1. Taking only pairs six or more apart or across chains, which ones have beta-carbon atoms under 8 Å, a first residue in the stretch 87-114 that is under 18 Å from Val75 (Cα atoms) and of a type in the set (D, E, K, R), and a second residue that is modelled with pLDDT of 95 or more and not in a loop (DSSP other than H, G, I, E, B)?
2. If I ask for residues that are basic (Lys, Arg) and more than 10 Å from the chain's Cα centre (by Cα), which ones from the stretch 21-44 would you list?
3. Output the residues belonging to the stretch 66-93 that are farther than 15 Å from Tyr107 by Cα and either crowded, with 16+ Cβ neighbours inside 10 Å or basic (Lys, Arg) (or both).
4. Residues Leu29, Leu44: which one is hydrophobic (A, V, I, L, M, F, W, C) and free of Cβ contacts under 8 Å to residues at least 12 places away in the same chain?
5. When you check Phe52 against the structure, is it of a type outside the set (A, V, I, L, M), touching a strand residue (DSSP E or B) at 6+ places or on another chain (Cβ under 9 Å) and touching a residue at least 12 places away in the same chain (Cβ under 8 Å), yes or no?
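The values are calculated or read from the model by the stated rules, or taken from the named source; none is laboratory data. Fair warning: this is a prediction, and the values are worked out from it, not measured in the lab. Neighbour counts run over all protein chains shown; Cβ positions are idealised from the backbone, glycine included.
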Amino acid sequence: MFLIVSQYLIPKGFRGLTLFPFVFVKYRLDKENSVFMNHERIHLRQQLEMLFFPFFIWYFMEFLLRWMHYKKFDVAYRNISFEREAYAKEKDLHYLKNRSIWNFLKYIRLVAVF
């Protein structure tokens with residue numbers, strides 16, 4: 001993992017962004033925030049197990065479906081399976097030691113878009 005601090009590379013409204021093998025953080029203090037960094041490490045693992053490119057296709061497609069369903073950006077983002085897993089387990093600093101592969105699948109919620 002390579003950690004880069006930059007206020008300019010992170011989209012507005014976000015504090016971090018993970019693009020395997022890089023973790024970009026907006027604020028230097030977040031480097032020391034173990035819960036925040038664990039959240040980003042969970043995303044690194046998700047991206048690695050999906051071989052990076054398919055992760056972003058899935059992420060984007062799931063976001064679009066959830067945005068159509070919820071009609072709100074932040075609610076759609078929070079309901080992406082990858083984010084649901086990361087938020088649910090970010091406080092468990094030992095989670096990645098015991099996490100099974102493709103565990104984000106447990107966090108998928110089916111929604112009717114139409």
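1. Arg109/Ser81; Arg109/Arg84
2. Within the stretch 21-44, Lys26, Arg28, Lys31 meet the criteria.
3. Trp67, His69, Lys71, Lys72, Lys91 - these are the residues of the stretch 66-93 that are farther than 15 Å from Tyr107 by Cα and either crowded, with 16+ Cβ neighbours inside 10 Å or basic (Lys, Arg) (or both).
4. Leu29
5. Yes: the conditions hold for Phe52.
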